[in-house]
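Asks: Here it is: the structure, laid out below.
What follows draws every value from the coordinates through simple rules; no lab data is involved. Everything numeric here is computed off the predicted structure, so don't read it as measured data. Virtual Cβ from ideal backbone geometry, glycine too; neighbours counted across all protein chains shown.
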Amino acid sequence: MRKVAPIEERKADHIKINLEKDVRSALTTGLEKYRFVHEALPEINLGEVDTSLTLFGKRLNAPILISSMTGGTPQAGTLNRRLAEAAQATRTAMGVGSQRAALENVSQARTFQVRKYAPDILLFANLGAVQLNYGYAIDHCRRAVDMIEADALYLHLNPLQEAVQAGGDTNFKGLANKIEEICRKLEVPIIAKEVGWGISQRTAKLLANCGVKAIDVAGAGGTSWSQVEMHRAPDEFTRELAATFVGWGIPTAEAILNVRKAAPKMAIFASGGLKDGLDIAKCIALGATLGGMAGNFLKAAAVSSEKAVEMIKLTKRQIQVTMFACGVEKLESLNIGKLVERWNDISK
C-alpha cells in the first residue's frame, strides 16, 4: 500500500515545487492566437481609461484576481499575509488555497486568516468539491467561509490531479447534485474552479444548472498539476503516470469561449498561464470578468508585500495601456470586436 503524505507535507511540497521546478503544461493558453486591433488615433485620454468594476458587491480597481494558491504551512501563512496586504493596497480580488488542512487541523487556520490584513477586498474561500463525496457537507463549507470571512466560496475541481497522485480522492460520481445542494444552502455565492485543465461546454452547462455564480476556467497553458505531482511522486510508477498528462487539457482561451457559449450569463474568471495584463485584457475581450494569475504574484510575495504591490500595479497598467491603444475607455467596451485572430491574418 502506497504511503499518503499528510496534507501539510503536501502543501509544503507544492510551494517548493512551484517556486523551484518547471511545472508548465506542454500546451499553450491559446491567447497567442489573438491580437488587439491597434488604434493610432484612439481619441481618448489615457488618464481617463477606467479599469474598475463591481463584483459580488465589492469595487475592484482592475479585473485582476490573485488566484488561489496556498495555505496550511507557516511559509504559506506568510505568503498569504503578503498577498492580502498587496490586495488591500490595490483593491484586488484574492483567493486562498484549499482550506481542508485547516478544517482538519484547526491550528492551520491562521495561515489562511488574512481578513485582518485586507478588510475591504473581495476574498474567496476554497474547498475541494470532491470532498463532498468524502464526508464534507454544508457545515464544512460554512466553516471555510467563516474561517476567513470570505465573500464567496470556491469549490475546486481537480479530477486529473487526484487520479495521478498517490492516495488521491477519485470518486467524483454524483458530485453535481451535491454542488447544487451547496449552491442552494450556502449564504454566499459558489464559484466552481478547475485547477489547470480547463472547462468544457458540457461541464459549464452542468455547473450553471447547479447554480454556481461564476466559473474559474483555469485552463491549460500554465502550471500543470500533473507535473507538480510528478515531482513529488513516491515511486516510478506514479511518476510516469503523472508525466503522461503534461499535454492534457483545454487551453484557457478555448475554455473561456466554452463557458460563454454554454452559459452566456455566467461570470467567468480566466486563469491558467496568464503572463501579464495584456493576457488578462485578451481574456476580458473574450468574455471573462476577471483574469487571475498565481505564479507571478507568488514569486513576488516570496520577496515582500511591496514587491507584490508592484506586480499588481504593473499588471493594472498593462491592462490600462492595452485599452488605451485600442481606443477603449471603459472596461465593459473591451470586447471580442477588438480582437483579431492571428491565423486569420496569415490565411488571407
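Asks: For the chain, give the share of DSSP beta bridges that are antiparallel, in percent and rounded to the nearest 5; count only bridges with both residues there.
Replies: That works out to approximately 20 percent antiparallel.
Asks: To the nearest 20 Debye, how big is the dipole of the range 7-347 about its Cα centre, given +1 on the beta carbon of each Lys and Arg and -1 on that of each Asp and Glu?
Replies: For this selection, approximately 420 debye.
Asks: Still on this structure: In terms of Cα to Cα distance under 26 Å, which lysines are near enough to residue 307, apart from those fewer than 8 places away along the same chain?
Replies: 11, 16, 21, 58, 116, 275, 282, 299, 316
Asks: At 222 nm, what value in deg cm²/dmol follows for the chain if DSSP H runs of at least 4 each add -39500 (n - 2.57) and the sum is divided by all its residues, to the nearest 500?
Replies: -12500 deg cm²/dmol
Asks: 5 Å is the cut-off here: which amide hydrogens, built 1.01 Å from N in the peptide plane, fall below it relative to residue 267, excluding neighbours closer than 5 in sequence?
Replies: 215
Asks: Rounded, prolate or oblate: which fits the range 245-325, taking a ≥ b ≥ c as square roots of the Cα gyration tensor eigenvalues, rounded meaning a/c under 1.5, else prolate when a/b beats b/c?
Replies: It is oblate, given that a/c is not under 1.5 and a/b is not larger than b/c.
Asks: Using DSSP to call loops (not H, G, I, E or B), can you name the trypsin sites (Lys or Arg not before Pro) in the range 229-281 whose Cβ has at most 10 other Cβ atoms within 10 angstrom?
Replies: Listed in order of number, the matching sites are 265.
Asks: If you don't mind, another one. Exactly which trypsin sites (Lys or Arg not before Pro) in the range 73-155 are in a DSSP loop and have at most 14 other Cβ atoms within 10 Å?
Replies: Here the trypsin sites (Lys or Arg not before Pro) that fit, given the DSSP loop and packing criteria, are 116.
Asks: May I ask you to list the aspartates and glutamates whose Cα is less than 19 Å away from that of residue 205, ignoring any residue fewer than eight positions away on the same chain?
Replies: Partners found: 180, 181, 194, 216, 254.
Asks: Could you tell me which of 315, 288, 215 has its Cα farthest along the dipole of the chain towards the positive end, charges placed at Cβ (Lys, Arg +1; Asp, Glu -1), taken about the Cα centre?
Replies: With unit charges placed on the Cβ atoms, the residue in question is 215.
Asks: Now for a separate question. Once you sort the root eigenvalues of the Cα gyration tensor of the range 269-311 as a ≥ b ≥ c, which label holds: rounded (a/c under 1.5), prolate (a/b larger than b/c) or oblate (the other case)?
Replies: In terms of gyration-tensor shape, prolate.
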